[in-house]
Amino acid sequence: MGLKDLLLGKEKLITDKKIGILKARIKNTNPSINHTWTCEVLLPRQQNETVIILEGNADGPFKGQLDSVYSIVDSIEELKEKILLESDIQDTNNINRDGNWLANFYLSAITPIDINENSFEVNFEPIKPNENGYVLFTWKYNQVSDIDIKQ
């Protein structure tokens with residue numbers, strides 16, 4: 001066992017059929033202790049990898065966390081319409097109205113906000129590294145809210 005394993009815990013890998021290889025450093029296998037699981041995955045129809053962070057225990061990510069991330073990953077294309085609809089409701093009309101914003105952005109990160117609600121912050125960033133802007137929103141109970149858009 002190396003110094004890194006001793007200080008941070010041993011790296012554990014879990015292969016998930018939908019989002020790839022999840023990693024965590026486990027120092028204590030007590031199931032009541034929370035651990036952070038991460039992965040980087042190239043999702044279908046995305047040009048860059050997505051970083052996914054999940055909460056769980058030594059056995060793996062919590063089922064509710066995985067289910068919420070699956071829902072996000074499975075509905076990337078539908079998110080465009082939800083974001084357009086919500087931006088109209090919230091009067092956030094600085095989004096490109098031609099609907100092509102998703103062609104220029106990729107799903108860059110999914111990070112947990114509240115473990116008990118399985119809510120996440122979802123971040124789209126420009127595909128081209130020299131471009132600015134983002135589309136950021138909260139995903140909670142399969143709903144898009146709190147949209148923040150900069151183009």
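The values are calculated or read from the model by the stated rules, or taken from the named source; none is laboratory data. These figures come from a predicted structure and were not determined experimentally. So basically every Cβ, Gly included, is an ideal-geometry build from the backbone, and we count neighbours across all protein chains shown. For the accessible areas, the whole protein counts, side chains as well, though only heavy atoms, and no ligand, DNA or RNA atoms are used. Shrake-Rupley method; radii C 1.70, N 1.55, O 1.52, S 1.80 Å.
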Worksheet item: List, please: which pairs have Cβ atoms under 9 Å, are six or more places apart or on different chains, and start with a residue in region 9-21 that is free of Cβ contacts under 8 Å to residues at least 24 places away in the same chain and end with one that is among the small types (G, A, S)?
Response: G9/A24; E11/A24; L13/A24
Worksheet entry | Output for region 50-70, where each listed residue is open to solvent by 30 Å² or more (accessible area, probe 1.4 Å), in contact with a strand residue (DSSP E or B) (Cβ under 8 Å, 6 or more places away or on another chain) and either within 22 Å of I147 (Cα to Cα) or modelled with pLDDT under 95 (or both) | V51, I53
Worksheet item: When region 113-151 is examined, which residues are found to be of a type outside the set (G, A, S), at pLDDT below 85 and open to solvent by less than 20 Å² (accessible area, probe 1.4 Å)?
Response: I149
Worksheet item: Filtering region 85-109 down to residues that are among the aliphatic types (A, V, I, L, M) and more than 21 Å from N132 (Cβ to Cβ), which residue is modelled with the lowest pLDDT?
Response: I89
